[in-house]
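Okay, so here's the structure we're looking at.
The values are calculated or read from the model by the stated rules, or taken from the named source; none is laboratory data. All values reported here derive from a predicted model rather than from experimental measurement. Quick reminder, even Gly has a Cβ in these numbers, built from the backbone with ideal geometry, and neighbours come from all protein chains shown.
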Amino acid sequence: DAGVIQSPRHEVTEMGQEVTLRCKPISGHNSLFWYRQTMMRGLELLIYFNNNVPIDDSGMPEDRFSAKMPNASFSTLKIQPSEPRDSAVYFCASSPRTSQLSGELFFGEGSRLTVL
Amino acid sequence: QKEVEQDPGPLSVPEGAIVSLNCTYSNSAFQYFMWYRQYSRKGPELLMYTYSSGNKEDGRFTAQVDKSSKYISLFIRDSQPSDSATYLCAMSGGGNKLTFGTGTQLKVEL
């Protein structure tokens, strides 16, 4: 079974440009999470969805960030306009409906974003 | 003050050593405690899971939770070079919203 699939794996862009990161969760998982990881702050939860509905977006840094989940198999995280301080690795994770383990997340391999 | 504190390391040990990794936390509502392992350029993967206080053992790995001290540990026995990774503690009060530590980088040398 394929894991969580993220694209692109690497993105280098210039300040002010729009960035769109994409995620395909594991089939059958009903929760999807977007995290950002930096050396200084570690893993930070940006937003998570249950059954395609945003539940908590309190971690989204500011209005430049937006996330959508139009269906159970696809989500996007958009940054517009991008700034150098957005440089980080962005992870998507999904969690299964049937999991009895609170906190069992399955992570993708991440999208490494560099904003010049 | 962060809710979860974790020494970033790096921690370097010889092969076969016992490794101790630790986290402290401040939120008394945390009930679920996890350790994730993250290899370089990869996403984190769940390694150990513990509910409330106590110990849990899985092969060479032992997770301990002391809620009275708000302190959790991961022990690795007979460490191997393949254990070289970053270890992240994570915890929650229930549900899937996790608070992660910043991770401890471990290197096991031959």
Per-region count, region A:8-35, residues more than 11 Å from every other protein chain (Cβ to nearest Cβ), in a strand (DSSP E or B) and out of contact with any Ser or Thr (no Cβ under 7 Å at 6 or more places or on another chain): 1
Residue B:62 buried (at least 16 other Cβ atoms within 10 Å of the Cβ), hydroxyl-bearing (Ser, Thr, Tyr) and within 14 Å of chain A (Cβ to nearest Cβ): no
Top-ranked residue of region A:83-112 - restricted to ones that are touching a Ser or Thr at 6+ places or on another chain (Cβ under 6 Å) and at pLDDT 95 or above, ranked as farthest from residue A:26 (Cα to Cα): A:87
Strands (runs of 3 or more DSSP E) (entirely within region A:37-116) containing at least 1 residues that are within 10 Å of another protein chain (Cβ to nearest Cβ) and out of contact with any Lys or Arg (no Cβ under 9 Å at 6 or more places or on another chain): A:42-50, A:88-96
All positions within region B:24-77 that are farther than 27 Å from residue A:110 by Cα, at pLDDT below 95 and among the aliphatic types (A, V, I, L, M): B:29
Only one of A:64, A:85, A:112 that is of a type in the set (Lys, Arg), touching a His at 6+ places or on another chain (Cβ under 7 Å) and over 30 Å from residue B:52 (Cα atoms): A:112
One residue from A:18, A:44 being surrounded by fewer than 20 Cβ atoms within 10 Å (Cβ to Cβ), among the acidic types (Asp, Glu) and at pLDDT 95 or above: A:18
Filter result for residue B:22 (free of Cβ contacts under 8 Å to residues at least 24 places away in the same chain, more than 9 Å from every other protein chain (Cβ to nearest Cβ) and of a type outside the set (A, V, I, L, M)): no
Any chance residue B:56 is assigned to a loop (DSSP other than H, G, I, E, B), among the basic types (Lys, Arg) and either crowded, with 19+ Cβ neighbours inside 10 Å or within 14 Å of chain A (Cβ to nearest Cβ) (or both): no
Total residues in region A:79-99, condition in contact with a strand residue (DSSP E or B) (Cβ under 8 Å, 6 or more places away or on another chain) and surrounded by 15 or more Cβ atoms within 10 Å (Cβ to Cβ): 13
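Condition check ((1) within 11 Å of the chain's Cα centre (by Cα); (2) on the phi < 0 side of the Ramachandran plot; (3) without any contact (Cβ under 8 Å) to a residue 12 or more places away in the chain) across all residues:
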position	(1), (2), (3)
A:14	no, yes, no
A:25	yes, yes, no
A:28	no, no, no
A:38	no, yes, no
A:49	yes, yes, no
A:52	no, no, no
A:60	yes, yes, no
A:90	yes, yes, no
Among (1) more than 14 Å from every other protein chain (Cβ to nearest Cβ); (2) over 24 Å from residue B:100 (Cβ atoms), the one test that residue A:2 misses: (1)
